[in-house]
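Structure, as structure tokens:
The values are calculated or read from the model by the stated rules, or taken from the named source; none is laboratory data. Just so you know, these numbers come straight off a predicted model, no measurement behind them. Cβ placement follows ideal geometry from the backbone for every residue including glycine, while neighbour counts extend to all protein chains displayed. Accessible surface is based on the protein model in full, side chains and every heavy atom, while ligands, DNA and RNA are left aside. Shrake-Rupley method; radii C 1.70, N 1.55, O 1.52, S 1.80 Å.
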Amino acid sequence: MRVACFGGSFNPPHVGHAMVAAWCLWTERVDEVWIIPAFVHAFDKALAPFPRRLAACEALAALLGPRARALDIEAHLPRPSFTVNTLDALAEAHPDARLQLVLGADNLDSLKKWKNWERIQSAYAPIVVGRGCHDVPGVPTFPDVSSTEVRRRLGAGEPVDSLVPAAVLAAWGQPG
């Protein structure tokens, strides 16, 4: 089984995330997509509470169908769980799966800061996708939807219905 491991803050998940996950499935690059919200961001980024982000990721996975699921694995790993640790734990728990990391092109400039990037690259064959102005020749570029902008709009009482699927927004709920 080929699995796309799609990690991120998902603070909240939005249509850009949905498009990437669906593309991985629809183009048959993988058999399943596992959406993996970070429990604690490795670079100390402030995040909404994990249960809230996980619930929104579960709603997104439900929209994508039976070949997508959200995983809470990072809640059970030492903190912070670096990408390599999460992938290694998943590989150990699922030895028959061929795991691949979904990687947004916006992360390419920071890979030298990632723990064991070379091993991630060799063991978990990244699926690189472009994002807005971060495009890479030969890979698709998806709309540059920003969770930061979604949160700003929510805080200002502005609509986000074009940026967040309704079921995900319902799962995200109100701050609290």
(message) Taking a ≥ b ≥ c as the square roots of the Cα gyration tensor eigenvalues, with a/c under 1.5 meaning rounded and otherwise prolate when a/b beats b/c, else oblate, which class fits the chain?
(response) rounded
(request) Using amide H atoms built 1.01 Å from N in the peptide plane, name the residues 5+ places from L103, or on other chains, whose amide H lies under 5 Å from its own. (result) I127, V128, V129
(message) Tell me the net charge near I36. Cut-off is 14 Å between Cβ atoms, I36 excluded, with +1 for each Lys or Arg and -1 for each Asp or Glu.
(response) -3
(message) Could you work out [θ]222 nm for the chain from helices alone, using -39500 (n - 2.57) per DSSP H run of at least four and dividing by all its residues? Round to the nearest 500 deg cm²/dmol.
(response) -10500 deg cm²/dmol
(message) Through the Karplus equation 6.51 cos²θ - 1.76 cosθ + 1.60, θ set to phi - 60°, convert the phi angles of the range 159-173 into ³J(HN,Hα) values in whole Hz; use x for Gly and Pro.
(response) x, 10, 4, 8, 10, 10, x, 4, 5, 5, 4, 4, 5, 5, x
(request) Compute the acute angle (0 to 90°) between the alpha-carbon long axis of helix 83-93 and the principal axis of greatest extent of the alpha-carbon atoms of the chain; round to the nearest 10°. (result) 70 degrees
(request) Enter the angle in degrees (range 0 to 90, nearest 10) between the Cα long axis of helix 147-156 and the first principal axis of the Cα atoms of the chain, meaning the one along which they spread out most. (result) 10 degrees
(request) Over the range 1-42, average the accessible area per residue using a 1.4 Å probe and give it in Å², no decimals. (result) 32 Å²
(request) Compute the acute angle (0 to 90°) between the alpha-carbon long axis of helix 15-26 and the principal axis of greatest extent of the alpha-carbon atoms of the chain; round to the nearest 10°. (result) 40 degrees
(request) At 37 °C and 0.692 mPa s, grab the translational diffusion coefficient of the range 90-169 from Stokes-Einstein with a Kirkwood Rh over Cα pairs, rounded to a whole number in µm² per second. (result) 216 µm²/s
(request) For the range 132-142, just list the computed ³J(HN,Hα) in residue order, Karplus coefficients 6.51, -1.76 and 1.60, θ = phi - 60°, integers in Hz, with x standing in for Gly and Pro. (result) x, 7, 9, 9, 10, x, x, 10, x, 10, 9
(request) Run down the aspartates and glutamates and flag those whose C-alpha is under 16 Å from the C-alpha of K113, throwing out any fewer than 8 positions away in its chain. (result) D44
(request) Per residue of the range 103-113, in order, report the coupling 6.51 cos²θ - 1.76 cosθ + 1.60 (Karplus, θ = phi - 60°) as ³J(HN,Hα) in whole Hz, putting x for Gly and Pro. (result) 10, x, 4, 5, 8, 4, 6, 9, 4, 5, 8
(message) If amide hydrogens are placed 1.01 Å from N in the peptide plane, which non-local residues have theirs closer than 5 Å to the one on D144?
(response) G132
(message) Leaving out ligands, DNA and RNA, and with a 1.4 Å probe, what % of the accessible surface on the chain is carbon or sulfur?
(response) 55 percent
